[in-house]
Amino acid sequence: MSDQQRDRVLRVVLAVFGLIFILGIWPLMQLWPAGWQWQPNQSEYEQMILGIYATLGIFLVLASRAPQSHRSLILFTAWSSLVHAGIMAVQAFRDTAERGHLIGDIPVLALVGIVLLMLLPRGSAPVATA
């Protein structure tokens, strides 16, 4: 895939993932609680996670305009999604009541992370400064 094709695909992926984060998580929690809600239901947790993901979604949509300028946001989204999926997978294996997440939000978060890492704009690695 050429850099130009990768950029076009990444723009679409960022916009789609952003819109899903903004608009899609709440309906999934309502329609398929076993795969998208932790039990017992905690409305405070749900409000918090929806707020975080909606905010991230807005920034992903904005980043879709110029992905090269938002490499660190893309890296954060990718790695935080993979870490989130990994932690939830361990928890789902430990708690049999939460196994639905293994075919719900866990693979979705892993997919988000993998796809974004595969499409990450080429360039210098982000440099941390003290």
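How high is the relative contact order of the chain, in percent, counting Cα pairs under 8 Å that sit 6 or more residues apart? List each step's numbers first, then the result.
Working: 136 pairs, mean separation 42.9, N = 130.
Relative contact order of the chain: 33 percent.
For Val13, Val90, which order do you get if you count the other beta carbons within 10 Å of each Cβ and list the fewest first?
Values: Val13 19, Val90 10.
Fewest to most other Cβ atoms nearby, the residues stand as Val90, Val13.
Helix 3-19 against the longest principal axis of the chain: what's the angle in degrees, Cα atoms only, rounded to the nearest 10?
30
Pull out the extension gain between Arg99 and Gln4, defined as 0.36 nm times the separation in residues minus the alpha carbon to alpha carbon distance; nm, one decimal. Present the calculation step by step, with values, prior to reporting the outcome.
Values: separation 95, 0.36 × 95 = 34.20 nm, distance 4.03 nm.
So the extension gain works out to 30.2 nm.
Report, in cubic angstrom per residue, the convex hull volume of the C-alpha atoms of the chain. Don't skip to the answer; put the middle values down first.
Working: hull volume 15.9 nm³, N = 130.
Looking at the chain, the number lands at 122 Å³ per residue.
Can you sort Tyr45, Tyr53 from fewest to most other Cβ atoms within 10 Å of each residue's own Cβ? Let's see the in-between values first.
Details: Tyr45 11, Tyr53 18.
Fewest-to-most ranking of Tyr45, Tyr53: Tyr45, Tyr53.
Using only Cα atoms, tell me the angle between helix 43-63 and the longest principal axis of the chain; keep it within 0 to 90° and round to the nearest 10.
The angle comes out at about 20 degrees.
Using θ = phi - 60° and the Karplus form 6.51 cos²θ - 1.76 cosθ + 1.60, what ³J(HN,Hα) does each residue of the range 36-41 get, whole Hz, x for Gly and Pro?
Computed from phi, the couplings for the range 36-41 are 9, 10, 7, 10, x, 4 Hz.
How far is helix 105-119 tilted, in degrees, relative to the longest principal axis of the Cα atoms in the chain, given as a value from 0 to 90 rounded to the nearest 10?
Between helix and principal axis, roughly 10 degrees.
What does the charge count near Ser2 come to, summing +1 for each Lys or Arg and -1 for each Asp or Glu among other residues with Cβ under 13 Å from its Cβ? Present the calculation step by step, with values, prior to reporting the outcome.
Details: positive: Arg6, Arg8, Arg122; negative: Asp3, Asp7.
After counting each charged neighbour, the total is +1.
Place a point 7 Å from Cα of Met48 in the direction of its Cβ. Which residues in the range 12-39 have their backbone N less than 19 Å from it?
25-26, 29, 36-39
Just so you know, all these numbers are worked out from the coordinates, no wet-lab data involved. Because the structure is predicted, anything quoted here is derived from the model rather than measured. As a convention, Cβ positions derive from the backbone with ideal geometry for all residues, glycine included, and neighbour counts pool all protein chains shown.
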